[in-house]
Amino acid sequence: MAQLSDDCFAFGGRLMSVDEAQALIADRVPPLAEVERVALLAAPGRVLAEALHAPLPLPPFFNSAVDGYAFRHADLAPAGETRLPLAGRLQAGQAAAPIAPGTALRIFTGAPMPEGADTVMMQEDAREAEGAVLLAPGLKRGANCRPAGEDVAQGALALPQGRRLLPPDIGLAAALGLTTLELRRRVRVGVFSTGDELAEPGTVLGAARTYDSNRFTLLALLAGLPVEASDLGILPDEPAATAAALAGAAARHDLLLTSGGVSTGEADHVRAAIEQGGRLVFWRLAIKPGRPAAMGVIGGTPVVGLPGNPVAAVVTFLHLARPLVLRLAGALPEPLPSFPAEAAFAYRKKEGRREYVRVRLTQAAGLPVAEKFAREGAGLLTSLTQSDALAELPEDITTVSPGDRIRVLPYRGIF
């Protein structure tokens, strides 16, 4: 379990910037200590617990990179064709006998280079005639060959500790002869929604109620991270029940996420429940949408209270909950993917607050063009399903004009 002290963050009461919140997480949240050995095919997306050094060179032997003819470079004439008798044929997987001086060998991609040979001419640059091969001049020594360890030298760092494994990483581990890897265990995350106005999808919708969507969005966002996520349902607008549920869940999880209940309304009980069971680290983030976000510690377990509006919940998840999950998982930092775009809109914002504007992207001759989504409400789920990216407007920016260069976070990269 994550075991943080109640004062591990120790931050003042003003609005916290996104960078300050992320720096506190990186500096004061230790990764989970538990590790487990996992089969390669179960490892994608998991976090490597220890650095992987190559137990053997890759490739493990000197071999041909192409289909062609292997020979000693010293036998190649500096001008005009060189005629060498063919001493045999060597395919991948076959053992190679030494090659005699003044001869060549028909060789195929991946086959080991015979002792004495140091160069390969591609088959399309040579021609056979009467049991011999005619080689063109000008080829450099070592051409079209792969030395042992060209990819990874024996003992060299193949994958760093904390790497969240991608499919090519799994292939590299397999190429090094491994069948299992030592990985951090998954982070156990519990997810609540809050509010008497929420109903479970699939049930009869009563008067003045809406179906809960945030819990499903958050669980879907967690699905792409190294976690074991638990759906903990909907908390009622009742202080004692909220406090008891959070305390109980904190004992079974490494991290709790809630949505709703962290603003200033009379029925917003999550903030008070965190303070009752532990300590509130901060309340309110200098971000739009998403200012009423809270973070605390209950029984050593971090608790992140996300806003109830769907867009605000997504934005604060990406900038607060996601880096916290990765830190607990022992993963190396992973900035959200972004790229430059040209603004096709005018916008004004407050200084000192980071804002995220939903945009649609179109390709142009230069940078992609970002057009602001027509509606801004943080409660509009369709503003996420019908746009392509979030335009990130930093704290020091107060105005955006058409033609300005901005940065955007594409949904296809961040979700």
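The values are calculated or read from the model by the stated rules, or taken from the named source; none is laboratory data. From a predicted model like this one, the values you see are computed outputs, not experimental measurements. Using ideal geometry, Cβ is built from the backbone for each residue, glycine included, and neighbour counts are taken over all protein chains shown. These accessible areas exclude ligands, DNA and RNA; they are computed on the full protein's heavy atoms, side chains included. Shrake-Rupley method; radii C 1.70, N 1.55, O 1.52, S 1.80 Å.
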Notebook entry, point to check: Quick one: what Rg and Dmax do you get for segment 293-415 from the alpha carbons, in Å?
Noted result: 15.6, 55
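If DNA, RNA and ligands are ignored and the probe is 1.4 Å, what is the ranking of LEU232, LEU324 by accessible area, most exposed first?
Details: LEU232 45, LEU324 0 Å².
Greatest to least solvent exposure: LEU232, LEU324.
Of the DSSP beta bridges with both residues in the chain, give the percent that are antiparallel, rounding to the nearest 5.
Roughly 70 percent of the beta bridges in the chain run antiparallel, per DSSP.
Leaving out ligands and nucleic acids, note down the accessible area per residue over segment 72-136 with a 1.4 angstrom probe, in whole Å². Don't skip to the end; give the middle numbers.
Numbers: 3330 Å² over 65 residues.
Result: 51 Å² per residue.
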Next item on the list: Name the residues whose placed amide hydrogens come within less than 5 Å of the amide hydrogen of ASP196, ignoring near sequence neighbours (fewer than 5 apart) on the same chain.
Entry: ASP237
Item checked: Solvent-accessible surface ranking, highest first, for THR385, THR362, THR194 at 1.4 angstrom -> THR385, THR362, THR194
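To the nearest 20 debye, what is the magnitude of the charge dipole of the chain about its Cα centre, counting +1 on the Cβ of each Lys and Arg and -1 on the Cβ of each Asp and Glu? It would help to have the intermediate numbers written out before the result.
On the way: 40 positive and 44 negative charges, 67 e Å.
It works out to roughly 320 debye.
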Item checked: Nonlocal amide H pairs with GLU228, under 5 Å, H built at 1.01 Å -> VAL187, ARG188, VAL189
Next item on the list: Quick one: what are the phi-derived ³J(HN,Hα) couplings along segment 140-155, Karplus 6.51/-1.76/1.60 with θ = phi - 60°, whole Hz, x for glycine and proline?
Entry: 7, 4, x, 4, 6, 10, 10, x, 4, x, 4, 7, 9, 6, 4, x
Notebook entry, point to check: Ignoring ligands, DNA and RNA, what percent of the 1.4 Å accessible area of segment 90-168 is carbon and sulfur?
Noted result: 51 percent
Next item on the list: Rank-order 218-226, 132-140 by packing density, defined as the average count of other C-beta atoms within 10 Å over each peptide's residues, highest first.
Entry: 218-226, 132-140
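What ratio of Cα Rg to 2.2 N^0.38 Å holds for segment 150-196? Could you put the intermediate results ahead of the total?
Details: Rg = 17.2 Å, N = 47, 2.2 N^0.38 = 9.5 Å.
Rounded to two decimals, the normalised Rg is 1.81.
Can you divide the C-alpha Rg of segment 104-214 by 2.2 N^0.38 Å and report the result to two decimal places? Working shown, then result.
Details: Rg = 29.8 Å, N = 111, 2.2 N^0.38 = 13.2 Å.
Dividing the Cα radius of gyration by 2.2 N^0.38 Å gives 2.26.
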Check: Which value, in Å² and to the nearest 10, is the accessible area of ARG360 when all protein chains are kept and the probe is 1.4 Å?
Finding: 110 Å²
Notebook entry, point to check: Can you tell which of MET122, ALA143, MET16 lies farthest toward the positive end of the dipole of the chain, using +1 and -1 charges on the Cβ of basic and acidic side chains (Lys, Arg; Asp, Glu)?
Noted result: MET16
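Specify, per residue and in Å³, the volume enclosed by the convex hull of the alpha carbon atoms belonging to the chain.
For the chain, the hull spanned by Cα atoms encloses 201 Å³ per residue.
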Margin query: Can you work out the Karplus-derived ³J(HN,Hα) for every residue in segment 321-334? Use 6.51 cos²θ - 1.76 cosθ + 1.60 with θ = phi - 60°, whole Hz, and x for glycine or proline.
Written below: 5, 4, x, 5, 4, 5, 5, 4, 6, x, 7, 4, x, 10
Notebook entry, point to check: Taking the Cα centre of segment 1-132 as the origin, how large is its charge dipole in debye, to the nearest 20, when only Lys and Arg (+1) and Asp and Glu (-1) carry charge on their Cβ atoms?
Noted result: 340 debye
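Quick one: order THR203, THR119 from most to least accessible surface, probe 1.4 Å. Walk me through the numbers on the way to the answer.
Numbers: THR203 65, THR119 0 Å².
Result of the area sort, largest leading: THR203, THR119.
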Next item on the list: Quick one: which residues, 5+ away or cross-chain, put their amide H under 5 Å from the amide H of ILE107? H built at 1.01 Å from N.
Entry: GLY68, TYR69, ALA70, LEU90
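Dipole size in debye (nearest 20) for segment 36-111 around its Cα centre, Lys and Arg Cβ +1, Asp and Glu Cβ -1?
Working: 6 positive and 5 negative charges, 30 e Å.
That gives segment 36-111 a dipole magnitude of about 140 debye.
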Next item on the list: Mind grabbing the accessible area of GLU124 for me, 1.4 Å probe, Å², rounded to tens?
Entry: 120 Å²
Note to self: What is the percent carbon and sulfur in the accessible area of segment 364-415, measuring with a 1.4 Å probe over the protein chains and ignoring ligands?
What the structure shows: 52 percent
Checklist line | Scaled radius of gyration (Cα, divided by 2.2 N^0.38 Å) that segment 32-111 gives | finding: 1.83
Next item on the list: Please work out the C-alpha center-to-center distance from segment 271-333 to segment 19-45 and express it in whole Å.
Entry: 17 Å
Note to self: Taking θ = phi - 60°, what integer Hz values does the Karplus form 6.51 cos²θ - 1.76 cosθ + 1.60 yield along segment 65-78, in sequence order, with x for Gly and Pro?
What the structure shows: 8, 9, 7, x, 9, 9, 7, 7, 4, 5, 7, 7, 5, x
Next item on the list: Just read off the accessible area of HIS253 with the full protein assembly in place, 1.4 Å probe, to the nearest 10 Å².
Entry: 10 Å²
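How high is the relative contact order of segment 235-368? Use alpha-carbon pairs under 8 Å, at least six apart in sequence, and give a whole percent.
Details: 202 pairs, mean separation 27.8, N = 134.
Once normalised by length, the contact order is 21 percent.
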Margin query: Using the Cα centre of the chain as origin and beta-carbon charges of +1 (Lys, Arg) and -1 (Asp, Glu), tell me which of SER387, THR242, THR103 is placed farthest towards the positive end of the dipole.
Written below: SER387
Check: Which of ALA174, LEU84, GLY366 sits closest to the plus end of the dipole of the chain, meaning its Cα is farthest towards the positive end, when Lys and Arg get +1 and Asp and Glu get -1 on the C-beta?
Finding: GLY366
Check: Which value, in Å², gives the accessible area per residue of segment 157-283 when a 1.4 Å probe is used on the protein heavy atoms?
Finding: 43 Å²
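On the protein heavy atoms, probe 1.4 angstrom, tell me the percent of accessible surface of segment 233-325 carried by carbon and sulfur. All intermediate terms of the calculation are to be shown ahead of the outcome.
Numbers: 1300 of 2630 Å².
Its accessible area is 49 percent carbon and sulfur atoms.
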